[in-house]
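The values are calculated or read from the model by the stated rules, or taken from the named source; none is laboratory data. The model shown is predicted, which means the values in this text are computed figures rather than measured ones. In this analysis, Cβ positions are derived from the backbone assuming ideal geometry, glycine residues included, and neighbour counts consider all displayed protein chains. The accessibility values were calculated without ligands, DNA or RNA, using every heavy atom of the protein model including side chains. Shrake-Rupley method; radii C 1.70, N 1.55, O 1.52, S 1.80 Å.
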Amino acid sequence: MKTKACYPFIRSFFTAVLLVGFSACQPRFTPDEAIASQLPETVDFNYHIKPILSDRCFPCHGPDKNALKADLPLHTASGALAQVLSSGGHAFVPGRIGKSEAFQRMISTDPERQMPPPEFDRNLSSYEIALIAKWIEQGAAYKPHWAFIPPLRSEIPGVKNEA
């Protein structure tokens, strides 16, 4: 009976070893210092990320259901953040670039895994990759189209009256 009590421990130990082993095989990403210094303090989805995804990813993973590949729509938060991929992971995992399969494919050097595919002939620049990485690290927040975001009232600036 005592040996059965160890099974959960052994199973969880080997699971942990496997997870560490697989995460060690994933490509790491550290932006170049020159590129990192050019990145904005806060990455905005509508201003920074959506134009990149729209140009490079949406032709195959966008709103056109007839052109949709891998049943992965990246134009919606539910498709990019919540949908479980065939690998069991997610396209983008907020705060975790190592777990974000779409990002791992963006930095991959394997032509079979690389996104966008080399034959698409629209490679991501190092700056764009660093921008996406920072967006994921900051929470990968999707926003609705800017026209559907209520405007915020800004503070009225003070006036110096010399009279």
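Miscellaneous remarks
- Across the stretch 133-160, the number of residues qualifying as within 14 Å of the chain's Cα centre (by Cα) and open to solvent by 100 Å² or more (accessible area, probe 1.4 Å) comes to 1.
- Flag if Arg113 is exposed (fewer than 15 other Cβ atoms within 10 Å of the Cβ), among the charged types (D, E, K, R), touching a helix residue (DSSP H, G or I) at 6+ places or on another chain (Cβ under 8 Å) and without any contact (Cβ under 8 Å) to a residue 12 or more places away in the chain: yes
- Pair list, Cβ < 9 Å and 6+ apart or interchain, from the stretch 119-135 residues that are over 23 Å from Gly95 (Cβ atoms) to residues that are among the charged types (D, E, K, R): Phe120/Arg56; Arg122/Asp55; Arg122/Arg56; Asn123/Arg56
- The lone exception for Asp55 - which of (1) among the charged types (D, E, K, R); (2) open to solvent by 50 Å² or more (accessible area, probe 1.4 Å); (3) free of Cβ contacts under 8 Å to residues at least 24 places away in the same chain it fails: (3)
- From the list Ala80, Ala130, the one residue that fits, being buried (at least 17 other Cβ atoms within 10 Å of the Cβ) and modelled with pLDDT under 90, is Ala80.
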